[in-house]
Amino acid sequence: MRDHLSRLTSLSASLVLALSVSATHLRAESMSPGQTHQACGSPLSIDDGWEIASPNSVSMDDAQLCTIAARLEQRATAVHSVVVVRHGKLVFEQYFPGYDQPWGQPEGQHEFTATTRHDMRSASKSVISLLVGIAIDRKLIAGVDEPVLKFFPDTTAVKQAGWEAITLRHLLTMSSGIKWDEARAWTDPKNDEPHLTFEADPIGYVLAKPVAAPPDALWTYNGGGTELLGNILERVSGKPLEAFAREMLFQPLGISDFEWKAYKNGKIAAAAGLRLRPRDAAKIGQLVLNHGRWNGQQIVSADWIAQSITPRFQAVGYFGGTLFYGYQWWMGRSLANGKEIKWVGAFGWGGQRIFIVPELDLVMMTSAAQYGQPKEGLAAIDILTNIVIPSAH
């Protein structure tokens, strides 16, 4: 009896999937020619620096990729975009309308296309890491072992013992040991993250935090450290963070349409404020995959990329503790077709993800609105592991 019910359940699931796929294709046929290409995942040519190719031309199964929409429908997830790159070519993109809470805009239903900017949230931290590497490459910063306090000689807020031992490397790896907690509810006054938004001097707030553990002894997710890194970049370059990022990173990548939002106190949100088109976010992934190169230009040194994506700490308390952390980059793995596949990731609140899969020469980017959901990011890892990676041959 149980076997019979199991077969019926399996058959029902197959019928639902088939109907979902059929519905997706029917919607595509009812759209305009441009939208039809978008619905089946064929990227549009918008002169943004990407070479466009078909999945089959880079040994990916296009039919399998085109099941992504049906998979997302089954999970009822608020995913807004999926972008796939292989062998340096943009081969798949798909966009979905839905609810969003864009930074500084009204929340509600929004449309998303290839030219729509999306919040990157904490994926901004990984971009800060790239910018620190560029600053070191250009001798604006001597190296990661520079003491943090060296860059804040004018700050009077630091009175806590232990800060003198904290270096840039400790900020990059979130191992500074300062007392910091952003895992609480946003309305909890003990949550440190909201203070970055409301304090008149958020940098002073971070620097005044007590040291709870020696550096390198305790990994704690800490956006305050990233804010210090962003401010240090402004100090050593003599430019606003947005201007430094534009000149040193975004312009060389052909990224012209971006925003870097500020907190309510007017201070730029280095740890979370970046807004990019998903296709441009995928360029960040491709840059890392190419060891710091884009279109033949070395934008950030290969050595910095290698240091950044070397696992340095177990990310205890995040995603079951199964992930590792480097210089503001996550490292994990997927089990696909019975094989473990390692990847590097930039993660942002709400399901913003950039996955880099070196073994397959592959990048996948997703944007979403799964803010505060208990299974945030589940859809992204699901389609990476069960559709995108298996489709690559």
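The values are calculated or read from the model by the stated rules, or taken from the named source; none is laboratory data. Every value quoted in this text rests on a predicted model; they were computed, and no experiment measured them. Methodologically, a virtual Cβ is constructed for each residue, glycine included, from the backbone with ideal geometry; neighbour enumeration extends over all protein chains shown.
Odds and ends about this structure:
- Count of residues meeting criterion [aliphatic (A, V, I, L, M) and in contact with a strand residue (DSSP E or B) (Cβ under 6 Å, 6 or more places away or on another chain)] in region 224-260: 2
- Within region 286-328, restricting attention to residues that are closer than 28 Å to G372 by Cβ, small (G, A, S) and part of a loop (DSSP other than H, G, I, E, B), the residue that is nearest to the chain's Cα centre (by Cα) is G326.
- Matching residues in region 327-385 - criterion: being in contact with a Lys or Arg (Cβ under 7 Å, 6 or more places away or on another chain), of a type in the set (D, E, K, R) and closer than 24 Å to M174 by Cα: R333, K342
- Region 242-266: number of residues that are touching a Gly at 6+ places or on another chain (Cβ under 8 Å) and under 12 Å from G49 (Cβ atoms): 2
- Residue match in region 303-322 (condition: at pLDDT 95 or above, in contact with a His (Cβ under 7 Å, 6 or more places away or on another chain) and on the phi > 0 side of the Ramachandran plot): no
- Spans of helices (runs of 4 or more DSSP H) in region 67-174 with at least 2 residues farther than 30 Å from P214 by Cβ and in contact with a helix residue (DSSP H, G or I) (Cβ under 8 Å, 6 or more places away or on another chain): 68-75
- Which numbered condition K342 fails, given (1) touching a residue at least 60 places away in the same chain (Cβ under 8 Å); (2) over 17 Å from S59 (Cβ atoms); (3) surrounded by fewer than 24 Cβ atoms within 10 Å (Cβ to Cβ): (1)
- Which listed residue is more than 30 Å from Y95 (Cβ to Cβ) and surrounded by fewer than 23 Cβ atoms within 10 Å (Cβ to Cβ), from E247, E164, E227: E164
- Boolean, D216 is at positive phi and charged (D, E, K, R): yes
- Considering only residues in region 71-90 that are of a type in the set (V, I, T) and under 13 Å from I387 (Cβ atoms), the one that is surrounded by the fewest Cβ atoms within 10 Å (Cβ to Cβ) turns out to be V79.
- Identity of the residue in region 345-375, among the charged types (D, E, K, R) and surrounded by fewer than 20 Cβ atoms within 10 Å (Cβ to Cβ), that ends up farthest from the chain's Cα centre (by Cα): E359
Residues checked against (1) under 28 Å from F96 (Cα atoms); (2) in contact with a helix residue (DSSP H, G or I) (Cβ under 9 Å, 6 or more places away or on another chain); (3) outside the structural domain of S175 (by TED's automatic domain parsing):
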site: R246; (1), (2), (3): no, no, no
site: I268; (1), (2), (3): no, yes, yes
site: V288; (1), (2), (3): yes, yes, yes
site: R293; (1), (2), (3): no, yes, yes
site: S301; (1), (2), (3): no, yes, yes
site: A315; (1), (2), (3): no, yes, yes
site: G350; (1), (2), (3): yes, yes, yes
